[in-house]
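Data block below; observations after.
The values are calculated or read from the model by the stated rules, or taken from the named source; none is laboratory data. What you see is a predicted model; the values in this text were computed from it and never measured. Backbone-built Cβ (ideal geometry, glycine too); neighbour counts: all protein chains shown.
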Ligand code: ARG
């Protein structure tokens, strides 16, 4: 499919120009100012220009095939649409507040170029199928860009994971030391989450790849147009099988917003971890100067603002999903003007992701890991207690008894302020007859990591296997996004 994403920029709407309406025929008076102000969407839907023009070119061709535009008219029409596109890009053609929406503004531009011929393009088409088509085209294009940015984040996390497959870290549950893990394993946990997010978007694209164009206002057109040909020309996989559904639903937008909200939640959790890791209490990582900020009053501060904004901006990603669902809920079929509210949440979500993802990828790829400190604390908090209990199980002790014996040993250590490995043979035996001197063999962190070597475990060798498998999956995701 055609890629455009990245070209558009913010629009400022000039306030000149005559009022331009596509529906003036039956009205005696113009709209009240308050209505016009409420109604206008061109200041935010202007970014749909390239998609609207793409759909217009496809529509012009279909009108020509149906005998409703001569070859010569088609040529002039396409020439004017191309010229209009250039004029929009250079800023020479701009919307005015008198243009209700992007469709109105572009029809004005076409009329300026073609005179009455410009008015022929509207045949068999309504803004209702146009806007549904434009938004799908816009989103399918931008989803590919979002995936490319996610792939960069996955790649940054995987590079750190490869460097730190053998770095032991305190693995946590309830934010308490639980069992030692490979820090690489922990980083890859985030990669798997983002990889699923990408898979969700790729799956979303199947349902988004349906063309509403040809549905007209709601019932299809009595003109001999071919929606199937238009769909193909616009890179869709099929034309909508039901014109009412095609103009009425925005589930494709809501589904995209869910996928994006989920990405936001994953970014937020990663952000929260990075905030903790960078704190004085953890000191697991040092952020690069380029990806941290200072304080205006405290000269010593180095703040994790990137991670915090990743966490904070998930709020609007979730909010945008809620807005969309709330707008859709209870709307009777088919098009209702409420649906104009679909665009701002979608645009805000796209903008937010494209802003946050590169910053988080940069933060991750440049952070320095304090391996000495991280590994030194990996067994703190009696984190090898499970290894001890599992050793007893391998020696035939029931896990219930093993758990209790090691529990007593932990209490002994706490009372006497010693570590699990520092208890004498005698005292071990006093705590429990199961605790023979060889239990100390499992009380080392590298051994504990290596022992968790079953599929999905934290053993450094398994971490390296995971990286190899993920690299293939991520390459496939990157290829999908770039259309190759
Ligand atoms: N600006 C409108 C929107 O975003 C376009 C469709 C308007 N259709 C209508 N019947 N008023 O939804």
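Figures for the structure shown
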{"item": "Of the criteria (1) within 16 Å of the ligand (Cβ to nearest atom); (2) more than 12 Å from residue 52 (Cβ to Cβ); (3) crowded, with 21+ Cβ neighbours inside 10 Å, which one residue 133 fails", "result": "(2)"}
{"item": "Unmet requirement for residue 464, which otherwise passes all of (1) modelled with pLDDT under 95; (2) closer than 21 Å to residue 375 by Cα; (3) in a helix (DSSP H, G or I); (4) out of contact with any strand residue (DSSP E or B) (no Cβ under 7 Å at 6 or more places or on another chain)", "result": "(1)"}
{"item": "Output for segment 83-103, where each listed residue is over 27 Å from residue 33 (Cα atoms) and in contact (Cβ under 8 Å) with a residue 24 or more places away in the chain", "result": "83, 84, 85, 89"}
{"item": "Hits in segment 136-170 - residues which are away from the ligand (no atom under 16 Å from the Cβ) and touching a strand residue (DSSP E or B) at 6+ places or on another chain (Cβ under 9 Å)", "result": "160, 161, 163, 164, 165, 166, 167, 168, 169, 170"}
{"item": "Residue within segment 68-83 that is buried (at least 16 other Cβ atoms within 10 Å of the Cβ) and under 32 Å from the mean Cα position of the chain (by Cα) present", "result": "no"}
{"item": "Test for residue 62: is it over 21 Å from residue 343 (Cβ atoms) and buried (at least 22 other Cβ atoms within 10 Å of the Cβ)", "result": "yes"}
{"item": "Options 431, 439, 411, 423: the member that is more than 30 Å from residue 154 (Cβ to Cβ) and surrounded by fewer than 16 Cβ atoms within 10 Å (Cβ to Cβ)", "result": "411"}
{"item": "Matching option when the condition is crowded, with 24+ Cβ neighbours inside 10 Å, away from the ligand (no atom under 11 Å from the Cβ), within 13 Å of residue 80 (Cα to Cα) and without any contact (Cβ under 8 Å) to a residue 60 or more places away in the chain, among 117, 106", "result": "106"}
{"item": "Residues of segment 322-378 satisfying the condition of being over 27 Å from residue 304 (Cα atoms), more than 15 Å from the ligand (Cβ to nearest atom) and touching a helix residue (DSSP H, G or I) at 6+ places or on another chain (Cβ under 7 Å)", "result": "325"}
{"item": "Criterion (at pLDDT 95 or above and over 20 Å from residue 464 (Cα atoms)) met by exactly one of 174, 185, 192, 164", "result": "174"}
{"item": "Only one of 387, 401, 351, 338 that is assigned to a helix (DSSP H, G or I) and in contact (Cβ under 8 Å) with a residue 40 or more places away in the chain", "result": "387"}
{"item": "Test for residue 52: is it without any contact (Cβ under 8 Å) to a residue 12 or more places away in the chain and either within 14 Å of the ligand (Cβ to nearest atom) or over 20 Å from residue 132 (Cβ atoms) (or both)", "result": "no"}
{"item": "Residue in segment 243-266 that is outside any helix (DSSP H, G or I) and modelled with pLDDT of 95 or more present", "result": "yes"}
{"item": "Some residue of segment 310-328 being out of contact with any strand residue (DSSP E or B) (no Cβ under 6 Å at 6 or more places or on another chain) and not in a helix (DSSP H, G or I)", "result": "no"}
{"item": "Test set (1) away from the ligand (no atom under 16 Å from the Cβ); (2) without any contact (Cβ under 8 Å) to a residue 60 or more places away in the chain - residue 38 fails condition number", "result": "(1)"}
{"item": "Condition met for residue 473 (surrounded by fewer than 20 Cβ atoms within 10 Å (Cβ to Cβ), in contact (Cβ under 8 Å) with a residue 60 or more places away in the chain and out of contact with any strand residue (DSSP E or B) (no Cβ under 6 Å at 6 or more places or on another chain))", "result": "yes"}
{"item": "Pick from segment 84-103, criterion touching a helix residue (DSSP H, G or I) at 6+ places or on another chain (Cβ under 8 Å) and assigned to a helix (DSSP H, G or I), ranking: surrounded by the fewest Cβ atoms within 10 Å (Cβ to Cβ)", "result": "87"}
